[in-house]
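Taken together, the values in this text are just the output of simple stated rules run on the coordinates, not laboratory data. What you see is a predicted model; the values in this text were computed from it and never measured. Neighbour counts are summed over all protein chains in view; Cβ atoms, including those assigned to glycine, are modelled from backbone coordinates with ideal geometry.
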Amino acid sequence: MKTVSIIIPCYNEEASLPHMQAAITTIINQHTQYQWQVLLINDGSKDNTLSVIKSIHSRDSRFGYVSLSRNFGKEAAMLAGFDYAQGDCVVIMDADLQHPPSVIPQMLEQWEAGFDDVYARRTDRGREPLLRRIFTLAYYRLLQLVSRIDVLQNVGDFRLLDHKCIEALRQLRESQRYTKGMYCWIGFKKKEILFEQGSRLEGHSSFNFWSLLRLSIEGVTSYTTLPLRISTVLGLLSSLCAFVYLIYILCCTLLYGDPVRGYPTIMVVMLFLGGAQLLSLGIIGEYLGRIFHESKQRPVYLVAEHEEPVNPEVAS
Ligand code: UDP
Ligand code: MG
């Protein structure tokens, strides 16, 4: 019998978890041809998420958990899930039921048909604020433009991965993670299915404008060094212009003498070049920062407590 693991990162989800458990239990009870293991990753929640998770585990041993020592972020929590999941395939979903468990059987069908990475694409983004939708669209366009890797639009972390993919993802241990890009990077046979994303059931989203901006910069700097190249090209172009201008000034001075003029020109050139230099330094700094973080080679997450999911049939 094949085992299906479901991993669910949870951060302050005490209100959503009971609904989530009910919805998942319905699905897994209907599909007894598989063995199910649900792994809840408590990402250092500040509310009662951990005790809710423990009570779920004590009522239904198919739900196990990994509790991280503090909040490491969703990307790190997912890596913890990849490391601890034991199934022949792994489904990743959010705790807030924005990813409906009713889509899972459809994913399993595609997996049985031989696909390794069955990802769900949103047909609409639920009741997300208009501004966020616009930013998301613009961001995906930009990412597509600058990176050599196709990061798919409107595709999140809701997907089923074969254990081959999970083994591949386990090897990617960078501490500043952008998992959406990793799914594309690892390759394997992919299949798209569509789903309608609901709105968050309880609580509120942990991602605000700044954390999304940080994730976007992470996305760009993880997958392309194009910004560095752009600053090189800009530097070259402005040096070339400066050289032409230098010849022009030399000629003017030789031909017409040296009347002291040109204050506005000097200011404009200085300010422009100063700005361009600061921008380039910032871009270099962004990459240098990444090297700094990665060179420490710290573990991506630390586990405080952990309880494996157990299948009753196997236990008996
Ligand atoms: N999450 C997490 N760690 C964090 C932030 C979020 O594990 O630091 C989880 C959260 O519990 C949820 C999922 O990641 O299961 C998606 O988070 P959320 O619903 O807040 O994001 P959104 O749906 O708005 O993108
Ligand atoms: Mg959500």
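Dividing the mean sequence gap of close Cα pairs (under 8 Å, 6+ apart) by how many residues the chain holds gives a relative contact order of 25 percent.
The stretch between Thr265 and Glu196, if pulled fully straight at 0.36 nm per residue, gains 19.1 nm over its current Cα-Cα span. Length available on full extension from Thr253 to Ala276: 0.36 nm per residue minus the Cα-Cα distance, which gives 5.5 nm. Summing Lys, Arg as +1 and Asp, Glu as -1, what charge do residues with Cβ under 12 Å from the Cβ of Gln171 carry, Gln171 excluded? Computed value for this residue: 0. Each of Phe272, Phe63 has some number of other Cβ atoms within 10 Å of its Cβ, and from fewest to most they run Phe272, Phe63. Mind giving me the FRET efficiency for His306 and Thr136? R0 is 41 Å, r the Cβ-Cβ distance, nearest 0.05 is fine. Calculated value: 0.75. Please label the shape of the stretch 94-145 as rounded, prolate or oblate, based on the square roots a ≥ b ≥ c of the eigenvalues of the alpha-carbon gyration tensor (a/c under 1.5 means rounded; beyond that, a/b larger than b/c means prolate, else oblate). It is oblate, given that a/c is not under 1.5 and a/b is not larger than b/c. One way to sum up the overall shape of the stretch 29-140 is the equivalent ellipsoid from its Cα gyration tensor, whose semi-axes run 25, 22, 14 Å, largest first. Of the residues Leu131, Leu40, the one with the fewest other Cβ atoms within 10 Å heads the list, and the complete ranking is Leu131, Leu40. Kindly give Rg over Rh for the chain, based on alpha-carbon atoms, with the Kirkwood expression for the hydrodynamic radius. My calculation of the ratio gives 1.14. Charging the Cβ of each Asp and Glu at -1 and of each Lys and Arg at +1, and nothing else, the dipole of the stretch 189-301 about its Cα centre rounds to 340 debye.
From least to most packed, judged by other beta carbons within 10 angstrom and beginning with the fewest, Tyr140, Tyr245, Tyr183 follow the order Tyr245, Tyr140, Tyr183. Classify the stretch 66-202 from the C-alpha gyration tensor, please: rounded if a/c falls under 1.5, else prolate or oblate depending on whether a/b exceeds b/c. Here the stretch 66-202 falls in the rounded category.
With N the number of residues in the stretch 58-121, Rg(Cα) / (2.2 N^0.38 Å) evaluates to 1.26. What is the sum of charges around Ala76, taking Lys and Arg as +1, Asp and Glu as -1, for the other residues whose C-beta is under 15 Å from the C-beta of Ala76? Summing Lys/Arg as +1 and Asp/Glu as -1 gives +2. Under the convention that each Lys and Arg Cβ holds +1 and each Asp and Glu Cβ holds -1, the size of the dipole of the chain around its Cα centre is about 920 debye.
Looking at the chain, send over the antiparallel percent of its DSSP beta bridges, to the nearest 5. Beta bridges within the chain, antiparallel portion: roughly 35 percent. Of the residues Gln153, Gly203, Ala168, the one whose Cα sits farthest toward the positive end of the charge dipole of the stretch 152-207, with +1 on the Cβ of Lys and Arg and -1 on the Cβ of Asp and Glu, is Ala168.
Stretching the chain fully between Gln171 and Asn48 yields a gain of 41.0 nm (0.36 nm per residue, less the alpha carbon separation). A Förster radius of 30 Å, combined with the Cβ-Cβ distance separating Gln144 from Phe243, puts the computed FRET efficiency at roughly 0.25.
About its Cα centre, the stretch 166-252 has a charge dipole of approximately 240 debye under the convention of +1 per Lys or Arg Cβ and -1 per Asp or Glu Cβ, with nothing else charged. Under 1.5 on a/c is rounded, so check that first for the stretch 240-316, then, if it is not, pick prolate when a/b is larger than b/c and oblate when it is not; a ≥ b ≥ c are the square roots of the alpha carbon gyration tensor eigenvalues. Judged from the Cα gyration tensor, the stretch 240-316 comes out prolate (a/c at least 1.5, a/b above b/c).
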